[in-house]
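Undergrad: Sharing a structure below in structure tokens format, with a few things to ask.
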Amino acid sequence: YTQNDAFKVDAGMMLVPHSRNGGQSAATLLPVDYGTYTFLASGPTAERVGRDYGVQLRGYPAKQRLEYRLAVTQGIRGTEATNPMRVSGRVVYYPFGAETGFFYAGTFQGTKKQVGIGGSFDAQKDFRIYSADGFVELPTFNKTQGFTVQANWMRYDGGTMIAALPRQNTWLLEAGYHLFSHRLTPFVQYQARDFADAATPDQSHRQVGAAWWMKGHQRNLKITVGRLQVAGGPTRTQVLAQLQIFYF
């Protein structure tokens, strides 16, 4: 439901607004997939890859320089559904104007001037997620090239409610440069997971790759090579290739 730019209502099974990366459309990502640690709460909370049932208020006030999202979802209902509802919220500042769609974009292939700086929370009883993120995309060289950069920090703490989700910090940084009239994008991605419990080994994931945008997000090919390291354990190599085809 839309009243105006400043007041919209979303209802159903939705992505919980706890981070920018978690709110992006899977069809518009810069690399092959979401961040490895973006949906750590999905399993313990019985979500569907970051989605939960509920209602969300959303709007873009201040001439679309701001965005707010406030959602009430079911979370973990508990015995006889006695747990309080799950509450999530997000605020974003856009100096050049907001992204007003339900989903955020992972990249516009360097064709759009877009900057967003945001922060989010997610809570139910003593379960908490806090996050901060930034997104920058700018065209360069008379709009024949461009770059995209995204950074996300997330603090997870399952508390006593979700003991399977220990307290930890995660980071995501990805960047790509768009060449040949925005058709080729070499990109890099760094991810890390740092547990508060020193006995639990930390993790990091690095990957490099390239995307060939045959027709933007409708048809593209992405290839990546990554290295996953667990403290005190072996380092593994991962090679991915993805062909994406949409007709709409």
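The values are calculated or read from the model by the stated rules, or taken from the named source; none is laboratory data. Note that the structure is a prediction, hence the values are computed from the model and not measured. Cβ sites come from the backbone with ideal geometry, for glycine too, and all protein chains shown count toward neighbours. Side chains are part of the model used for accessible areas, which takes the heavy atoms of the whole protein and leaves out ligands, DNA and RNA. Shrake-Rupley method; radii C 1.70, N 1.55, O 1.52, S 1.80 Å.
Undergrad: Restricting the search to the range 88-111, which residues are buried (at least 16 other Cβ atoms within 10 Å of the Cβ), in a strand (DSSP E or B) and of a type in the set (A, V, I, L, M)?
TA: Listed by number, the list holds a single entry, V92.
Undergrad: Within the range 42-87, how many residues turn out to be surrounded by 16 or more Cβ atoms within 10 Å (Cβ to Cβ), within 18 Å of the chain's Cα centre (by Cα) and part of a loop (DSSP other than H, G, I, E, B)?
TA: 4
Undergrad: I would also like to ask the following. What's the total number of residues in the range 15-32 that are touching a residue at least 24 places away in the same chain (Cβ under 8 Å) and either surrounded by fewer than 20 Cβ atoms within 10 Å (Cβ to Cβ) or assigned to a loop (DSSP other than H, G, I, E, B) (or both)?
TA: 12
Undergrad: Among the residues of the range 139-158, which ones are open to solvent by 30 Å² or more (accessible area, probe 1.4 Å) and either among the hydrophobic types (A, V, I, L, M, F, W, C) or part of a loop (DSSP other than H, G, I, E, B) (or both)?
TA: Those that are open to solvent by 30 Å² or more (accessible area, probe 1.4 Å) and either among the hydrophobic types (A, V, I, L, M, F, W, C) or part of a loop (DSSP other than H, G, I, E, B) (or both): F141, N142, K143, T144, F147, V149, A151, W153.
Undergrad: Of the conditions (1) open to solvent by 50 Å² or more (accessible area, probe 1.4 Å); (2) more than 19 Å from the chain's Cα centre (by Cα), Y190 satisfies every one except a single condition; which number is it?
TA: Looking at each condition in turn, Y190 falls short on (2).
Undergrad: Let me ask you something else. Is there any pair with a first residue in the range 48-71 that is free of Cβ contacts under 8 Å to residues at least 40 places away in the same chain and a second that is crowded, with 21+ Cβ neighbours inside 10 Å and part of a helix (DSSP H, G or I) whose Cβ atoms are under 9 Å apart and which are 6 or more apart or on different chains, and what are they?
TA: Going by the 9 Å Cβ cut-off, the qualifying pairs are G50/G22; G50/G23.
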